[in-house]
Each structure stands twice: as C-alpha cells, then as structure tokens.
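The values are calculated or read from the model by the stated rules, or taken from the named source; none is laboratory data. In this text, all values refer to a predicted model and were calculated from it rather than measured experimentally. Ideal geometry is used to build each Cβ from the backbone, glycine not excepted, and the neighbour counts take in all protein chains shown. Heads up: the accessible areas ignore ligands, DNA and RNA and are worked out on the full protein's heavy atoms, side chains in. Shrake-Rupley method; radii C 1.70, N 1.55, O 1.52, S 1.80 Å.
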Amino acid sequence: MATDMSFDGRSRSYLSVFPLPSAKMQAFVRTWPAGNWMRPGAVWSHVVLVGWADLALIEDFRDLLELNRPRRVEDDNDIERFAATCARELTLNMSPRPDPSGISGEHSVDPVSLASAVYSSSRTVSVVSNVPENEEEVLLELFAQQWSRLRRSFAFRTRYRSSETAVRFDVEVVEKGDRVEADPVIRDWAKSLADDLNGRRPALRKFLHTYGAESRRGRRDMSVLVRAQETLASRGAILEAVSSLFFEFPLPNQMRRLKGDILRESGSFDVPEAVRLALAIRFSEHLDLGELEVGSRFVRLILSGSVPAEALDAEFGTDLTAVPESQIEPVLAEIADHLDVDSVVRFATLHQDLGLLVVARRPAFLFNPDVWEALEGESVGDVFASLAAAVQDEILESLLHGGSVDALTLACSASPEAWWRLVDLVSRSGIPAAQIVASAQVLRDTLQRIGLASLSGKISLGTNPRYALTVLLSAPLHAGLWRRVNARDWLKALSSCQSGELRGAPNWVHERLLAVSLVAAIQSGEIALRKRGWQNTFAPLHDALGNEYFDSEAWEVLGAALPSGPTWDRCYRLRRGAVTEIRRDEWGATSTSELIRGAGRQAPDMAELISRRKDMRKSWVRDVLRILGFQ
C-alpha cells in the first residue's frame, strides 16, 4: 500500500501524492506514526482528494500542507473528531497567484539536478535527504510547475527508504538509499526550470501551463517546451525555435495552440508578420494554412509593400511549390478571393510567381491587360494557353476592344491559332466598318510582333465581307495574307464597302480593297471571274490612281500584276492591263466599250490602244468605236 511505511529516521511525517485515474482525482496523503496506544508500527494517514478539474486551477500546492498536517490522536474521541474532519468536503477559493517568491529555506535537494533527472528519463528518480520532510516544498513546487495533464500522471513521495507499492512513483526523497544513484547529467534547460522554482522565471511557468495542456508525451515534452520558450524569447532564434517545434510535433493537430500563437496574425509572440507568413509556408506540411488564414494575410502583406517578396524568399526559403497540394489550392483560392481587378495588378507586380498561380485559378483576371504586363513573360501566356477555348475567346475579345497589343502578343505567341480566332471575332455580324478598321489595326500591330511564321490555323470556312476586310487590314499586303481569301469573296467585300453594310470605310481601305479584288480576280484562272473583277474595279481604280496619294501598299500589289510602263503614269498601266485582259479573254464590243468609258477623259486614249493592236479584228474594233461614238 502507498501508506505502508516505517518511521526509523528523522522525519515526523511523510507525504505521498499520486493520481487515482478511475476517480479522476489526485490524492495528497499525509502519513505519521499512530503513537504508543496503537499497535506497534501503526500509522495515521490523512488523504485530501482533489478532482482533476480543480487540480488544474491550483497554482500553489503548499497551502494543502496545512489541510493534512499531522494531528495528535491519543484516544477514541480524537479519532472521532479526526474522522469528522477528514470526511468534510472542502471548497477551493481560487485567487490569482502573486509573483512567485520561489522555494524558501534551505534544502538538500538541488533543483537543477532534480529537474535534469526527472525530465530526462521515464525511470523513478530517487533522491537521498537527511530529512525528507524538509524537501516537500521543492516537490510541491516541481508539481505546481507542471501543466494540468502532466500533473494527472505524476506521482511523488517522501519516505524513510524505497519500497515496492501498487503506485509507481516518478520521484521519491528518502532518508536511506538502498542503491547508489549516479549524479544526473545537468541540462541547460533544467537550469531554467530551477530558476522558475526559485521564483526567477515566472514567464516560463505561464508558458508551460498554457501550451503544455496540448502535450501528449508527458515528462518528455518538458524539455522541449522549455527550449521553445527560451528560443522564442530571443528574437534572433525564431527560425531555430520553429524548426525544433515542428521537428518534435510534426502533425498539424499537435501543439496546435502554440503553433497558432507563433504564426497567427494576432499571435501572442512578438514576431513580424512577414516572418510569420514565411515560416507558415515553409512548414506548411505541419500546419493547417486555412486555419491560419495565410492567403488573405499574404495579400495584405504583399500589397502593403512593407517587405519585398524577394527578400522574404531569400531569407526564409519560401517556396510555394513545396506546399502540399491539399494545402496550396485553398490558400490560392483565399488569395484570389481577396484580390480584385485592380489589386491583382499590384500583387502580381510584387510577387510574380504567386501572381501566376492565382491567375491560373482566376482566369477572369486576364481580362485586365495590366495583369499581362505585370506578369510579363512566357509564363502568363502558358496560363492563357491552358484555358478552354471559350474562355480564351472571351479574354481575347476584351483585350482586342481595349487595344491591348502587348497582352495580345503574349496570348498569340503562346497560342498561335489565337490570331485567326481574333480575326473571327472582329468579323462577326453587326460590327461597323469603322470598328473593323480600328480592330484590324490592333491585329496588325500584334502580328508585326509575333511574326507571320508563328501563325497557325486556317482561314474560316464561312468567309464573309467583314472577314475579308479584316484579313485585308490585319497584315501588310506584301505579306500575302489576303491570298487566303478567294476572288469571289473579295468581290463580295468590295460590293459591301461600295453600297452595302460596310459603307463608310476610309478611302485608303477602298483603295486596298480595289487593288486586291482586281489582282485576285486576274490570278483566279477563271475567265468570267477575271472579267467581273475588271468590270467592278476598273473605273474607281482608274479614278483613284490619278491621285498622287494613292495607297502605297495597294499600288505595290497592283503594280506587280499590271504590264510594265512609266512609273509616273499608273493610270496608263491600268489601261494597258485592261486592254490585255480584253484581248486575252475576247470580250464583246459592248462590254469592252463599257469598260473603256470607265477611263473617263482618258477613254479616247484607251480606245486608241485597242485600235493600234494588230491582233484585234478590225470589225470588232469598229464596233467598239461606234458604240463609244468615236466614229
């Protein structure tokens, strides 16, 4: 039994403290000799039972010594009075403990050696003292230093000598040792515990009581928590403290409160927010980043500009790619949720890598051309290329309407078929000619940057006048992109610009359209199509070529398809080309005369060109001149 003991030494009483798990109580047992009137060797024991809930509230256990001090019992009346006292239910009146005064008086037990021995091993620690009763204060202070969960599994006692009992004691102070105990190795952390026992480290005890509550490893965690408190108290050792903490408690549900108080935005420790976040990301596998609200805090930190992202990464090795997949998605979602179309630009500028990850999960941010600029480089293009085609088209249309050439260049470089899809977007029904012209200029500037060689894809099968006009204006004519539209579609586009839905286009647009329509018809290989091309373009072209400001790109294409002649008389070369086509395709006199009239004041000169040709039938020539009224 725990109370079966001999009194052969100097102590007048002994103290035993041990848990009663089945009753969820702690027993504080005072034992002393029963006296001569009882049988020899008899003892009295007064047991004070403290429930575990109350045990956690007591800060100074020395007061309990007054409750179960040895009592004089010499007859049956004393026994009755003593029994009544022991049966009385006690009430705890709790009040905040003043700053601890520490252990008082002289003691033979060295607190440093005692703490080193108790918390370095799970074995029973046996200490020899001449008067074990005098060491009770040390033992009770050691007990008070512990957190509530550790107290519920801790047992200690004073005795004359060691003996086997049903209770396993962690510490015992005895007068007579049965074996030689080796001096324990003195630990540095044990010195801190001894300072607390002596009243010099009140912050340590508060730390132990606050965070030890989550301990699941008993005495083993005492040294870990002491070292953690010491390193956290030293600002320069924060990384060491956190590294050691996560090494000892790697699972997210271990020491959750301590980890949170270190890393939460409103944490109890004086740690800069930038450092908190860097450490949270670095040790993310040991944490619940969602619980710490890392995403929203990261947004606030980066946007504040108080700490450059590069400096944060360099100092602590922050690497979001090391964050477990189960954690990174919620964090990025939280970051995206706390950004809007304006703040995302600044965020992406300050932290490009993270900005890319956010944009990949919130493609709507790519509607803002400033985001593309902030995330300059191939990476943002890769994000765009990974999106569904429908989402890409929405982004392309928005960037196009905003004239965002830089962003479109990145998009088309990453997704070469995107340029042709832009042509499709421009040529949709309902878009007026002026808007097509403006949008085509954006496409032309974009194409100039990405280069023709980078284009892929093919022309739309459903070519319409708006599509043809867009292709015409989206690239330099010498590049030959217009050749992807057939001659019939060019003639339809010309008709639409002259009298249809595309009326109102600038003169230079008409000039290019006239030139391309005629050249496409000439090179079509179909007689009827060639004739139609000349008939629809000759008169307006002849009139326009008389202007010295005729579009240079249009003339470059047209001039290459016409017969040679004086560079200063482009109208003459056009008339020669028409005469050649008339002869080759054997036009009738009526259609020929109608074309010649399109030359206006130069109609006689054109008629003379026909009449001078020896390969023309004279009767046909006479008919042409007669219709024209030149005979």
Determine the per residue accessible area of segment 341-394 with all protein chains present and a 1.4 angstrom probe, expressed in square angstrom. 47
List the residues whose amide H sits under 5 Å from the amide H of residue 44, counting only those 5 or more places along or on another chain, with H placed 1.01 Å from N in the peptide plane. 32, 34
What's log10 of I(q)/I(0) for the chain at q = 0.05, 0.07, 0.11, 0.12 Å⁻¹, Debye sum over Cα points only, no solvent? -0.51, -0.67, -1.04, -1.13
Exposure of residue 200 as accessible area (Å², to 10), given a probe of 1.4 Å and all protein chains: 140
Taking only DSSP H segments of four or more residues, each worth -39500 (n - 2.57), what value at 222 nm results for the chain once the sum is divided by all its residues, to the nearest 500 deg cm²/dmol? -15500 deg cm²/dmol
Between the Cα axis of helix 570-585 and the main Cα principal axis of the chain, the angle (0 to 90°, nearest 10) is 80
Say each of residue 288 and residue 560 gets a label point 7 Å from the Cα, pointing the same way as Cα to Cβ; how far apart are those two points in nm? 7.0
Between residue 84 and residue 266, with labels modelled 7 Å along Cα→Cβ, what's the label distance in nm to one decimal, could you check? 5.4
Compute the angle between helix 433-450 and the longest alpha-carbon principal axis of the chain, please, reported from 0 to 90 degrees and rounded to the nearest 10. 70
The chain: antiparallel DSSP beta bridges as a percent of all, rounded to 5: 65
Largest to smallest principal axis extent of the C-alpha atoms in segment 348-389, angstrom: 29, 17, 16
Once you have a ≥ b ≥ c as the square roots of the Cα gyration tensor eigenvalues for segment 163-281, tell me rounded if a/c is under 1.5, and otherwise prolate or oblate according to whether a/b is larger than b/c. prolate
On average over all directions, what projected area in square nanometres does segment 470-618 have, based on the convex hull of its Cα atoms? 8.8
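Relative contact order, percent, of the chain when contacts are C-alpha pairs under 8 Å separated by at least 6 residues? It would help to have the intermediate numbers written out before the result.
Numbers: 866 pairs, mean separation 40.0, N = 631.
In percent, rounded to a whole number, it is 6.
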Report, to the nearest whole %, how much of the accessible area of the chain belongs to carbon and sulfur atoms, 1.4 Å probe, protein only. 48
Gain upon complete extension [residue 373, residue 148; 0.36 nm per residue less C-alpha separation]: 75.2 nm
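If R₀ is 25 angstrom, what is the calculated FRET efficiency for the pair residue 435 and residue 361, using the beta carbon separation as r and rounding to 0.05? Intermediate values should be presented prior to the final figure.
Numbers: r = 33 Å, r/R0 = 1.33.
Calculated transfer efficiency: 0.15.
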So what's the Cα pair-distance distribution over segment 221-309, bin width 10 Å, in %? 17, 53, 26, 4, 0
0 to 90° range, to nearest 10: angle between helix 76-87 axis and the chain longest Cα axis: 0
Calculated on alpha-carbon atoms, Rg and Dmax of segment 1-66 in Å: 13.8, 40
Counting C-alpha atoms alone, how compact is segment 134-229: give Rg to one decimal and Dmax as a whole number, in angstrom. 14.3, 39
Here are some pairs, 176/206; 206/259; 24/259; 24/191; which of them have Cα atoms lying more than 24 Å apart in this structure? 176/206; 24/259; 24/191
Site residue 162, offset 7 angstrom along Cα→Cβ, radius 15 Å on amide nitrogen, limited to segment 124-141, gives 124-129
Looking only at lysines whose Cα falls under 20 Å of residue 531's and that sit 8 or more positions away or on another chain, we get 492
Answer check: segment 528-610, Cα atoms, Kirkwood Rh, Rg/Rh ratio of 0.93
Alpha-carbon spread of segment 360-513, three principal axes, descending order, Å: 47, 28, 25
State, to one decimal in nm, how far the label point of residue 615 lies from the label point of residue 124, with both points 7 Å from Cα in the Cβ direction. 12.7
15 Å beta-carbon shell around residue 523, net charge (K/R +1, D/E -1): +3
Heavy atoms of residue 165: accessible area, 1.4 Å probe, square angstrom to 10: 30
Treating the Cα atoms of segment 447-529 as identical point scatterers in vacuum, please give the log10 of the normalised Debye intensity I(q)/I(0) at q = 0.12, 0.14, 0.23, 0.24 Å⁻¹, two decimals. -0.34, -0.47, -1.15, -1.22
List, largest first, the extents of the alpha carbons of segment 373-456 along their principal axes, each in whole Å. 35, 26, 25
